[in-house]
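For reference, the structure I am asking about is given below.
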Amino acid sequence: MTVLSMSAMMSGPSLLGLALIIPAVVAVLVMLLGRRPDLREAASLVGALLLFIAICALLVDVLAGARPALPLVRIAPGLELILRVEPLGMLFAIVAATLWIANSVYSIGYMRGNQEPRQTMFFAAFAVAIAATMGVALAGNLVTLFLFYELLSLSTYPLVTHKQSPAAMRAGRIYLLTLIGASMILLLPAIIWTAFVAGTTNFQIGGILAGRIGPLAMAVLLGLFVFGAAKAAVMPLHRWLPAAMVAPTPVSALLHAVAVVKAGVFTILKVTIYIFGLDTLQATGASQWLVYVAGFTIIAASLVAMTADDLKRRLAYSTIGQLSYIVMAAALATPAAAIGAAIHIAAHAVSKITLFFAAGSVYTAEHVDKVSQMDGIGRRMPWTMAAFAIGALSMIGLPPTAGFLGKWFMLSGAGSAHDWFAVAVIIVSTVLNAAYLLPIVTRAFLKPAGGPVAEAPLAMVVALTATAVGTILLFLFPEVPYRLASALVSR
């Protein structure tokens with residue numbers, strides 16, 4: 001069945017329902033097939049492909065101007081759970097659905113290659129996390145978003161603690177306490193406050209708070225949303241992310257690229273556009289403080305990354321900085337910056353998953369996890385480290401990679417707002433990005449190599465090569481993400 005035929009045969013609401021049902025069914029099938037690994041993993045792959053087809057069919061409708069909705073549960077008058085697709089959610093959904101395929105292929109090679117325990121629970125929890133991610137992406141109001149946001153935290157806890165070592169259990173406690181604590185203490189009150197002053201929690205282009213709340217109160221409310229969405233890892237609520245790197249690499253990829261951190265910055269960007277409104281934030285100046293906080297996070301995280309010898313820790317702090325590009329762009333509240341933030345969600349996802357895939361491949365093939373141990377490894381693992389080099393160039397923001405696009409629009413947005421602090425942060429952090437990523441590449445390819453060529457299992461190499469190619473293709477063919485991002489600021 002082609003995407004177009006599926007789009008024609010099924011209504012938008014039906015496709016929204018499938019976005020939740022498919023990964024949920026996969027989770028059940030994985031548990032039932034636990035003693036038959038080949039069928040279990042086939043169920044994950046087939047489910048990922050079916051979700052991708054359903055989301056692509058929904059994308060056809062959205063690009064044609066449709067905004068389908070699917071009511072789920074009516075809790076009380078004016079309070080309901082509802083799915084409703086809009087351009088930003090569509091962008092997040094298509095990114096997550098696409099990368100679930102790549103991560104499923106990669107996970108098969110990684111989990112088998114490293115003889116990881118509890119593989120059935122791993123694939124089942126992963127599928128539940130994807131279902132929660134779809135719920136976040138397609139949420140029609142703040143209440144629905146909050147519900148699936150919490151489900152995402154709970155479903156990824158078993159993945160973070162997968163190894164069940166003392167370090168993993170400690171990381172799990174930090175992970176859950178930070179994310180659940182912040183959302184209950186800060187995010188939930190922000191949603192209740194919004195409902196009280198606006199009379200609704202529905203997402204609406206242009207926002208719902210104009211004229212209902214003063215500039216100071218608006219700045220405070222924005223702070224509750226930003227720090228309540230701790231998955232965005234804005235400092236000081238960032239320590240859960242490097243702590244969670246104790247998990248297997250496919251989990252790190254899920255946290256950094258497919259679902260968790262993207263749910264955080266997606267929430268902040270969506271609230272900025274659909275709850276506060278860009279024009280309102282510009283007029284009141286209520287988000288200016290966030291430009292400075294996000295800018296500090298970008299620079300501080302980049303400096304920490306430069307000192308980290310552990311490869312996954314270096315990539316974790318890179319993620320913290322890259323996420324705050326999106327937060328800072330949202331705070332600038334200009335159309336170009338909002339477009340840049342949306343595009344960077346996709347660009348960072350495909351680039352950072354490539355970097356983590358490469359890190360996991362190096363560990364699987366060479367049992368190396370330190371930057372200082374990577375001398376000449378590019379000659380022994382040319383496919384892996386070539387993909388890493390492409391991902392690194394994208395994180396720096398150099399063409400012809402996807403990372404260039406988001407930074408270009410964010411710089412344009414900062415310039416149009418005459419916010420020279422933001423401009424300086426982007427320029428300085430770009431230099432810092434190069435300083436902590438390029439030495440890995442030069443060390444891998446230019447240092448003397450010892451030993452024969454020995455790549456990771458084929459499934460892992462295929463997955464990381466595909467995402468590296470995707471990083472370039474997203475630069476060469478950016479029409480879909482650009483159209484979706486542009487729709488966020490069009491009238």
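The values are calculated or read from the model by the stated rules, or taken from the named source; none is laboratory data. Keep in mind the model is a prediction, meaning the values are calculated, not measured. Cβ: placed from backbone, ideal geometry, glycine included. Neighbour counts: every protein chain shown. Quick note on the areas: whole protein, heavy atoms, side chains included, nothing else; ligands and nucleic acids left out. Shrake-Rupley method; radii C 1.70, N 1.55, O 1.52, S 1.80 Å.
Looking at Ala329, Ala286, which is the one that is in a loop (DSSP other than H, G, I, E, B) and over 13 Å from the mean Cα position of the chain (by Cα)?
Ala286
Within the range 283-313, count every residue that is surrounded by fewer than 17 Cβ atoms within 10 Å (Cβ to Cβ) and not hydrophobic (A, V, I, L, M, F, W, C).
Selection size over the range 283-313: 5.
For the range 160-209, what are the residues that are among the aromatic types (Phe, Trp, Tyr) and either at pLDDT 95 or above or crowded, with 16+ Cβ neighbours inside 10 Å (or both)?
Passing the criteria: Tyr175, Trp193, Phe203.
Leu332 is checked against (1) open to solvent by less than 10 Å² (accessible area, probe 1.4 Å); (2) in contact (Cβ under 8 Å) with a residue 60 or more places away in the chain; (3) more than 18 Å from Thr249 (Cβ to Cβ) and fails just one. What number does that condition carry?
The one condition Leu332 does not meet is (1).
Among the residues of the range 369-390, are any at pLDDT 95 or above and either closer than 25 Å to Met90 by Cβ or of a type in the set (D, E, K, R) (or both)?
no
Here's another thing I want to ask about it. I need the full set of residues from the range 65-83 which are open to solvent by 80 Å² or more (accessible area, probe 1.4 Å) and closer than 25 Å to Val480 by Cα, in order please.
The answer is Arg67, and nothing else.
Further question on the same structure: Examine the range 369-376 for a residue that is open to solvent by 10 Å² or more (accessible area, probe 1.4 Å), without any contact (Cβ under 8 Å) to a residue 60 or more places away in the chain and touching a helix residue (DSSP H, G or I) at 6+ places or on another chain (Cβ under 6 Å), and state whether such a residue exists.
yes
Same structure again: Any residue in the range 463-491 that is within 16 Å of Leu355 (Cβ to Cβ) and open to solvent by 40 Å² or more (accessible area, probe 1.4 Å) sitting within a Cβ distance under 8 Å of a residue that is among the small types (Gly, Ala, Ser) and outside any helix (DSSP H, G or I)? List the pairs, counting only those 6 or more apart or interchain.
Ile472/Ala402
Applying the selection to the range 31-40, what residues are more than 19 Å from Ala463 (Cβ to Cβ) and open to solvent by 80 Å² or more (accessible area, probe 1.4 Å)?
Met31, Leu32, Arg35, Arg36, listed by residue number.
Do we have Val62 as surrounded by 21 or more Cβ atoms within 10 Å (Cβ to Cβ) and touching a Phe, Trp or Tyr at 6+ places or on another chain (Cβ under 8 Å) here?
For Val62, the condition - surrounded by 21 or more Cβ atoms within 10 Å (Cβ to Cβ) and touching a Phe, Trp or Tyr at 6+ places or on another chain (Cβ under 8 Å) - is not met.
Of the residues Ala389, Ala487, which is touching a Pro at 6+ places or on another chain (Cβ under 8 Å) and not charged (D, E, K, R)?
Every option except Ala487 fails the conditions.
Turning to a different aspect of this structure: Could you check the range 14-44 and list, in sequence order, the residues that are in a helix (DSSP H, G or I), more than 25 Å from Tyr149 (Cβ to Cβ) and not acidic (Asp, Glu)?
Scanning the range 14-44 gives Leu29, Leu32, Pro37, Leu39, Arg40, Ala42, Ala43.
Going by what's in this entry, would Pro87 be described as surrounded by 16 or more Cβ atoms within 10 Å (Cβ to Cβ) and either among the small types (Gly, Ala, Ser) or within 20 Å of the chain's Cα centre (by Cα) (or both)?
yes
Go through the range 139-180 and give me each residue that's over 20 Å from Pro242 (Cα atoms) and not in a helix (DSSP H, G or I).
Selection gives Ala139, Gly140, Asn141.
Take the residues of the range 297-326 that are touching a Phe, Trp or Tyr at 6+ places or on another chain (Cβ under 7 Å), aliphatic (A, V, I, L, M) and in a helix (DSSP H, G or I): which is nearest to Val265 (Cα to Cα)?
Going through the qualifying residues, I end up with Ile298.
Is there a residue in the range 421-443 that is under 30 Å from Glu86 (Cα atoms) and open to solvent by 50 Å² or more (accessible area, probe 1.4 Å)?
The answer is no, given that none of the residues of the range 421-443 is under 30 Å from Glu86 (Cα atoms) and open to solvent by 50 Å² or more (accessible area, probe 1.4 Å).
Inspect the range 182-197 for any residue being under 27 Å from Pro248 (Cα atoms), of a type in the set (Ser, Thr, Tyr) and part of a helix (DSSP H, G or I) and give the result as yes or no.
yes
Determine, yes or no, whether Leu147 is hydrophobic (A, V, I, L, M, F, W, C) and open to solvent by 30 Å² or more (accessible area, probe 1.4 Å).
Answer is yes for this residue.
Listed here are the residues, each with its yes/no results for (1) open to solvent by 80 Å² or more (accessible area, probe 1.4 Å); (2) at pLDDT below 95; (3) farther than 18 Å from Trp100 by Cα.
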residue: Met6; (1), (2), (3): no, yes, yes
residue: Met10; (1), (2), (3): no, yes, yes
residue: Pro13; (1), (2), (3): no, yes, yes
residue: Pro23; (1), (2), (3): no, no, no
residue: Val26; (1), (2), (3): no, no, no
residue: Leu29; (1), (2), (3): no, no, no
residue: Ala42; (1), (2), (3): no, yes, no
residue: Leu49; (1), (2), (3): yes, no, no
